[in-house]
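In what follows, a single structure is set out as structure tokens and then discussed.
A short reminder: the numbers here are calculations on the coordinates, not readings from a lab. Note that the coordinates shown come from a computational prediction; the quantities given were computed from them, not determined experimentally. Here Cβ is always computed from backbone atoms with ideal geometry, including for glycine, and neighbour counts include all displayed protein chains.
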Amino acid sequence: MRNIRRLFLRCLRLGHRRKWTKVNLLTDYVRYCRLCLVSLAYNSFTDSDVVVESMFEPIYWLVDHVTRWFGIVFVVLVIILTSSIVLIVYICVLPLILQTYSTEWICWHVAYGHWNLVMIVFHYYKAITTSPGYPPQAQKHVPSVSVCRKCIAPKPARTHHCSICNRCILKMDHHCPWLNNCVGHYNHRYFFSFCLFMTLGCIYCSISSRVMFREAYAAIETMYSQTPSTTFTFRERAFHKCIIYLWVLCSSVALALGALTLWHAMLITRGETSIERHINKKERKRLLAMGKVFYNPFSYGRCGNWRLFFGVQKKTHWISRVLLPSSHSMYGDGLTWKLPSWIPTKRTVVAI
């Protein structure tokens with residue numbers, strides 16, 4: 001306050017009498033304005049990261065709200081694209097399979113194709129409609145490790161705040177716009193299973209239609225390169241374009257979604273989520289600088305992590321809970337992380 005008063009008096013020429021130049025006067029005005037702004041916005045916790053985050057806050061707000069409203073559009077887009085592929089397979093691909101393949105191959109294609117389709121539809125529906133899990137608001141004694149700065153509520157272990165959903169999510173992995181939902185404790189298994197079976201389905205369609213794709217591509221080239229005497233009917237042109245659309249879309253999705261599935265498979269093997277991956281990476285570097293080794297407290301070994309993720313308590317569950325549609329819930333409540341009795345007590349921690 002003393003500095004502000006001294007500068008103010010000097011600016012009004014009420015202080016020390018001296019000969020002012022224009023440069024000195026302008027410098028004092030700038031210093032006075034800067035000091036006023038700093039005094040009004042002073043915060044002992046402010047640093048460069050806080051300033052940058054505050055500057056990008058309008059962008060974060062725009063992205064969060066756009067993602068929230070466009071989530072429904074993404075879900076409709078997934079349904080439309082998947083339905084179009086299924087229709088093309090039933091109308092164009094399956095009749096040729098029934099006409100040219102042997103009985104054994106026909107039975108295999110029909111059985112595998114419909115099983116894969118059922119698994120995709122089931123897990124996508126469950127991933128959309130299942131709540132990821134939220135910390136209870138009514139209970140006062142919630143086991144927590146910190147307090148959420150936005151919810152101003154206890155935050156249990158592995159819980160993170162989603163800015164799009166505007167609430168804390170138990171064992172949050174990420175917010176998926178293609179589901180219009182967060183991926184958390186209770187629907188993480190449905191999300192991963194959907195990615196896995198959708199990737200397998202796209203690979204199956206790409207391999208099954210590869211010969212037809214070559215023929216359709218050659219026919220399209222012939223139609224546009226040769227003389228007008230070579231003509232195709234509207235049905236033939238539509239058939240060729242549908243096959244090309246099927247193969248290009250399925251191959252592209254298989255590559256992109258396959259990479260995402262492998263990434264999440266690696267995280268599940270390590271007993272981590274996408275958010276915990278970054279947190280553990282920083283913690284590993286910090287402990288390494290101190291000469292210590294970091295161990296993931298939520299990892300129960302490679303096999304144990306997969307069994308806990310899918311809820312496989314006995315061998316038959318690999319079929320009934322993994323290879324067949326199952327709506328069983330994830331183990332635990334997402335608030336505490338105790339080792340289940342059907343996981344071996346001897347933990348082989350995954351080195352990360």
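Between residue 104 and residue 152, how high is the FRET efficiency from 1/(1 + (r/R0)^6) when r is the Cβ-Cβ distance and R₀ = 51 Å? Nearest 0.05.
0.20
Subtracting the Cα-Cα distance from 0.36 nm times the residue separation, let me have the gained length for residue 125 to residue 248 in nm, one decimal.
41.8 nm
Over the range 201-352, calculate the relative contact order: mean separation of alpha carbon pairs under 8 Å at least 6 apart, over the residue count, as a percent.
21 percent
How long are the three semi-axes of the equivalent ellipsoid of the range 204-265, in whole Å, if each is the root of 5 times an eigenvalue of the C-alpha gyration tensor, listed from largest down?
Its equivalent ellipsoid spans semi-axes of 32, 9, 8 Å.
Computed FRET efficiency, Cβ-Cβ of residue 238 and residue 36, R0 51 Å: what is it to the nearest 0.05?
With R0 = 51 Å, the Cβ-Cβ based efficiency is 0.10.
Determine, for each peptide in 302-311, 186-195, 232-241, 129-138, the mean count of other beta carbons within 10 angstrom over its residues, then list the peptides with the highest first.
186-195, 302-311, 129-138, 232-241
Which of the pairs 171/314; 282/338; 285/314; 126/155; 150/314 have their Cα atoms more than 32 Å apart in this structure?
The answer is 285/314; 150/314.
On a C-alpha basis, how far is the centre of the range 297-337 from the centre of the range 97-116 in Å? Whole number, if you could?
So the separation of the two Cα centres works out to 32 Å.
How big is Rg to Rh over the range 271-329, alpha-carbon atoms, Rh as the Kirkwood inverse-mean-distance radius?
1.17
Report the net charge of residues surrounding residue 311, where surrounding means a beta-carbon distance below 12 angstrom and charges are Lys +1, Arg +1, Asp -1, Glu -1.
+4
Arranged from highest to lowest average of other beta-carbon atoms within 10 Å per residue, in what order do the peptides 82-93, 153-164, 314-325 appear?
153-164, 82-93, 314-325
If you add up the charges near residue 146, with Lys and Arg at +1 and Asp and Glu at -1, over every other residue whose beta carbon is less than 14 angstrom from its beta carbon, what do you get?
+4
Could you pull out every residue, at least 5 positions away or on a different chain, whose amide H is within less than 5 Å of the one on residue 160? Hs are placed 1.01 Å off N in the peptide plane, and Pro or chain starts have none.
Sorted by chain and number, the residues that satisfy this are 169, 171, 172.
Measuring from centroid to centroid over Cα atoms, what is the spacing of the range 123-149 and the range 170-229 in Å?
Spelled out, the Cα-based centre of one part sits 31 Å from the other.
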